[in-house]
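For reference, the structure discussed in these notes is given below.
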Amino acid sequence: MLLGALEAGGTKMVCAVGKEDGTIVERISIPTETPEITMPKLIAFFKQFELAALGIGTFGPADLNPQSKTYGFITTTPKLAWKNYDIMGEFKKALGIPVGFDTDVNAACLGEAAFGCMQDVNNGIYITIGTGVGVGVMVEKQLLHGMLHPEGGHILLAKNPSDTYNGCCPYHDSCLEGLAAGPAIEGRYGKKAFELTDIPEVWELEAEYIAKALVNYILILSPERIVLGGGVMHQEHLFPLIRKKTLALLNGYVNTKQLADIDTYIVPPSLNDNQGILGCLKLALNAL
């Protein structure tokens, strides 16, 4: 049985065809332009195959409520060409198969839960820190949706007193995304993250903000594992800093076996950047 997967990003659309066990048969990447330009290319790719179902993990915000009139829509996105666009409905109409639908970061969370480093836990979170910050949440093996879906990249943080940067988020001056996403690093220091690898104070501050966010997630969601992905987390020297600062901020208040073995609690993705696509395959399988 073949399944389709679409990881719909703001810059590119990654399309793949795979099997139930996560084997990828074929994959292409198509630039994200307008729906009029991009959608025919996506549909043409998937029409080459006899697919049983399609899974979509999209940039958002997106409507994930099956009872809503706009279920399957990309909604109030700043990518104006895609605002209020019925991406799920268009694929259903074009392909005539079941379609699973979620956010891109929830899809990555699902990928790690189905095929990767969260297979052995019931509750976990996947955080991507790159151009923006997104948080996917799994509670008792189910992705958390609720009123909309988690927007954990925009939790408000206490700024370091020495940090004079105003943040890059147009909505908040001190949210995690505004203070710690890739554009925030560039805005604060005038260089991209990969150009600052050898400057310790950059990563001490970055680790501080990420650790403050993790403490909030730990106390509210009580995850059994935290996965940190995205372009910023390719700076692997961040992991020990984040782990150390997270324990310091918790200050012994939470005492669990997971925190006692923090190197296996706060971890990088395990699927070689395929977690989003594999999560979309699982969304397709679930749609059946």
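For the chain, the per residue solvent-accessible surface stands at 46 Å², with DNA, RNA and ligands left out and a 1.4 Å probe.
Dipole orientation for the chain: of the candidates Ala81, Leu278, Thr256, Ala81 has the Cα lying most toward the positive pole (charges on Cβ; Lys, Arg +1; Asp, Glu -1).
From the Cα gyration tensor of the stretch 188-288, with a ≥ b ≥ c the square roots of its eigenvalues, which class applies: rounded if a/c is under 1.5, or else prolate if a/b is larger than b/c, or else oblate? It is oblate, given that a/c is not under 1.5 and a/b is not larger than b/c. Within the listed set Gly146, Gly276, Gly230, the Gaussian network model of the chain (springs between alpha-carbon atoms below 10 Å) gives the highest mean-square fluctuation for Gly146.
Would you work out the relative contact order for the chain, in percent, from Cα pairs under 8 angstrom that are 6 or more residues apart? Mind showing how you got there, number by number?
Numbers: 587 pairs, mean separation 65.9, N = 288.
Relative contact order, the chain: 23 percent.
Quick check on packing: order 99-112, 42-55 by the mean number of other C-beta atoms within 10 Å, highest mean leading. Spell out each step's value before the answer.
Numbers: 99-112: 28.4, 42-55: 17.5.
Descending mean neighbour count gives 99-112, 42-55.
Pairs of Lys residues in the stretch 9-115, spaced 8 or more positions apart or belonging to different chains, with C-alpha separations under 26 angstrom: 25 in total.
Among the protein heavy atoms of the stretch 150-252, carbon and sulfur supply 54% of the accessible surface, probe 1.4 Å, non-protein parts ignored. Computed over the stretch 6-70, relative contact order equals 33 percent, with contacts defined as Cα pairs under 8 Å that lie 6+ residues apart.
Share of carbon and sulfur in the accessible area of the stretch 4-75 stands at 51%, probe radius 1.4 Å.
Here the stretch 227-273 is treated with +1 on each Lys and Arg Cβ and -1 on each Asp and Glu Cβ, and its dipole about the Cα centre works out to around 220 debye.
Quick check on the stretch 1-159: take the gyration tensor over C-alpha atoms, sort the square-rooted eigenvalues as a ≥ b ≥ c, and tell me if it's rounded (a/c under 1.5), prolate or oblate. It is oblate, given that a/c is not under 1.5 and a/b is not larger than b/c. What shape does the stretch 72-186 have by the C-alpha gyration tensor, where a ≥ b ≥ c are the square roots of the eigenvalues, rounded means a/c under 1.5, and otherwise prolate means a/b greater than b/c and oblate the rest? Oblate, because a/c is 1.5 or more while a/b does not exceed b/c. Please identify the helices of the chain, taking whole runs of DSSP H, that span at least 15 Å along their own axis as judged from the Cα atoms and have a mean Kyte-Doolittle score of 1.0 or higher. Helices meeting the span and hydropathy rule in the chain are 238-250, 275-287.
Before rounding to the nearest 500, sum -39500 (n - 2.57) across all DSSP H runs of length at least 4 in the chain and divide by the residue total; then give [θ] at 222 nm in deg cm²/dmol.
-10500 deg cm²/dmol
About the centre of its Cα atoms, the stretch 101-195 shows a dipole size close to 240 debye [charges on the beta carbon of Lys, Arg (+1) and Asp, Glu (-1) only; nearest 20 debye]. When a 1.4 Å probe is rolled over the protein heavy atoms, the share of accessible surface on the stretch 76-135 that falls to carbon and sulfur comes to 50 percent. In this simple spin-label approximation, Glu36 and Met1 carry label points 7 Å from Cα along the Cα→Cβ vector, and these lie 3.9 nm apart.
Kindly count the pairs of lysines across the stretch 159-248 whose alpha carbons are less than 23 Å apart, treating pairs on different chains or eight or more residues apart as eligible. Please report the intermediate quantities before stating the final value.
Numbers: Lys159/Lys191; Lys159/Lys192; Lys159/Lys212; Lys159/Lys244; Lys159/Lys245; Lys192/Lys212; Lys212/Lys244; Lys212/Lys245.
Final tally of qualifying lysine pairs is 8.
Can you tell me what share of the DSSP beta bridges in the stretch 1-81 is antiparallel? A percent to the nearest 5 is fine. Please report the intermediate quantities before stating the final value.
On the way: 14 of 21 bridges.
Just about 65 percent of them are antiparallel.
The values are calculated or read from the model by the stated rules, or taken from the named source; none is laboratory data. Since the model is a prediction, treat every value here as computed from it, not as a measurement. Note: ideal-geometry Cβ built from the backbone for every residue, glycine included; neighbour counts use all protein chains shown. Heads up: the accessible areas ignore ligands, DNA and RNA and are worked out on the full protein's heavy atoms, side chains in. Shrake-Rupley method; radii C 1.70, N 1.55, O 1.52, S 1.80 Å.
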